[in-house]
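Working notes, beginning with the structure itself.
The values are calculated or read from the model by the stated rules, or taken from the named source; none is laboratory data. Computed from a predicted structure; not experimentally measured. Here the Cβ is made from the backbone with ideal geometry for all residues, glycine too, and neighbour counts use every protein chain on show. Surface areas here come from the heavy atoms of the whole protein model, side chains and all, with no ligands, DNA or RNA. Shrake-Rupley method; radii C 1.70, N 1.55, O 1.52, S 1.80 Å.
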Amino acid sequence: VQLQASGGGLVQAGGSLRLSCATSGRTFNYFVTGWFRQPPGKEREFVAAIRWTTSNTYYADSVKGRFTISRDITNKTTYLQMNSLKPEDTAVYYCAAKYSASDSRLVSSYNYWGQGTQVTVSS
């Protein structure tokens with residue numbers, strides 16, 4: 001599986017961005033894609049995840065109500081719509097994928113990672 005993230009940029013607080021993660025490879029049982037982020041000087045943290053067969057979604061408390069994860073099965077792409085952005089959302093955002101029922105909130109659950117895309121929110 002290869003993942004290609006895009007869509008980052010610079011935005012003012014309160015603005016919106018949409019990240020995309022193009023996926024190659026099969027998307028069969030237990031396939032989950034997730035978004036993680038790594039703020040400057042901090043560890044990588046969970047943002048959101050989606051299970052492709054059921055469309056079940058999972059969110060970090062810090063982004064609930066502001067971010068929406070979705071997937072396009074035909075185009076094998078995962079999206080992260082980010083609204084009401086805050087300066088504390090500034091980070092490098094990574095997409096990841098796994099083929100298991102393990103905890104979708106854990107970095108260690110994912111086997112495949114894309115390159116990061118920078119999101120900067122100015123105050």
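Go through (1) buried (at least 17 other Cβ atoms within 10 Å of the Cβ); (2) in a strand (DSSP E or B); (3) under 14 Å from the mean Cα position of the chain (by Cα) one by one and return the number of the condition Val121 breaks.
Going through (1) buried (at least 17 other Cβ atoms within 10 Å of the Cβ); (2) in a strand (DSSP E or B); (3) under 14 Å from the mean Cα position of the chain (by Cα) one by one, Val121 breaks only (3).
Any residue at all in the stretch 51-63 that's in contact (Cβ under 8 Å) with a residue 60 or more places away in the chain and closer than 14 Å to Asp89 by Cβ?
No, the conditions are met nowhere in the stretch 51-63.
Output the number of residues of the stretch 64-86 satisfying the condition of being among the aromatic types (Phe, Trp, Tyr) and touching a residue at least 60 places away in the same chain (Cβ under 8 Å).
Of the residues in that region, 1 qualify.
What are the residues in the stretch 1-35 that are more than 23 Å from Asp103 (Cα to Cα) and open to solvent by 40 Å² or more (accessible area, probe 1.4 Å), if any?
Step one: list which residues in the stretch 1-35 are more than 23 Å from Asp103 (Cα to Cα), which gives 6-18.
Within the stretch 1-35, Ser6, Leu10, Gln12, Ala13, Gly14, Ser16, Arg18 qualify.
Modelled with pLDDT of 95 or more, of a type in the set (Val, Ile, Thr), within 16 Å of Ser16 (Cα to Cα) and in contact with a strand residue (DSSP E or B) (Cβ under 7 Å, 6 or more places away or on another chain): which single residue out of Thr68, Thr78, Thr33 fits that description?
It is Thr68.
Has the stretch 100-110 got at least one residue that is open to solvent by 30 Å² or more (accessible area, probe 1.4 Å), within 16 Å of Thr27 (Cα to Cα), outside any loop (DSSP other than H, G, I, E, B) and not charged (D, E, K, R)?
no
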